[in-house]
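The values are calculated or read from the model by the stated rules, or taken from the named source; none is laboratory data. Keep in mind it's a predicted model, so treat the numbers as computed, not measured. Ideal geometry is used to build each Cβ from the backbone, glycine not excepted, and the neighbour counts take in all protein chains shown.
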Amino acid sequence: TARYQESGTFKSYISRAGGFTDKSRKKRSYVVYANGDVRKTSGFFFFRVYPKVEPGSEIIIPSKKDKEPLSIQGWLAITTTLTTLVLVINQLNQ
């Protein structure tokens, strides 16, 4: 939560709240205005255009999901499936 400042930009409010983290999805950030309108961050190549912040606005920064590494059972299932597929294709070609 931060007080509204007329000269405040989207990034200045983020900075005042502690900044983006490694898990922040900057491209998916958006502003919910007091009247219910929503404006999302847009981008063009490497440039991002952040929405304007108005009094009563709420800035939302979604977080990235935690990725879990594939378990041994997962690798075994993939290997077994691919091996079976190769054997079936081989049998069909003979």
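See the values below:
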| item | result |
| --- | --- |
| Filter result for Ser15 (surrounded by 10 or more Cβ atoms within 10 Å (Cβ to Cβ) and either touching a residue at least 12 places away in the same chain (Cβ under 8 Å) or within 15 Å of the chain's Cα centre (by Cα) (or both)) | no |
| Scope segment 20-41; condition of a type outside the set (Phe, Trp, Tyr), farther than 27 Å from Asp66 by Cβ and surrounded by 11 or more Cβ atoms within 10 Å (Cβ to Cβ); matching residues | Asp37, Arg39 |
| Any hit, segment 69-86, residues being on the phi < 0 side of the Ramachandran plot, in contact (Cβ under 8 Å) with a residue 12 or more places away in the chain and loosely packed, with under 11 Cβ neighbours inside 10 Å | no |
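Results for (1) among the polar types (S, T, N, Q); (2) touching a Pro at 6+ places or on another chain (Cβ under 7 Å); (3) modelled with pLDDT under 90, shown as yes or no for each residue.
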{"site": "Gly19", "(1), (2), (3)": "no, no, yes"}
{"site": "Asp22", "(1), (2), (3)": "no, no, yes"}
{"site": "Val38", "(1), (2), (3)": "no, no, no"}
{"site": "Phe44", "(1), (2), (3)": "no, no, yes"}
{"site": "Ser57", "(1), (2), (3)": "yes, no, yes"}
{"site": "Pro62", "(1), (2), (3)": "no, no, yes"}
{"site": "Leu85", "(1), (2), (3)": "no, no, no"}
{"site": "Val88", "(1), (2), (3)": "no, no, no"}
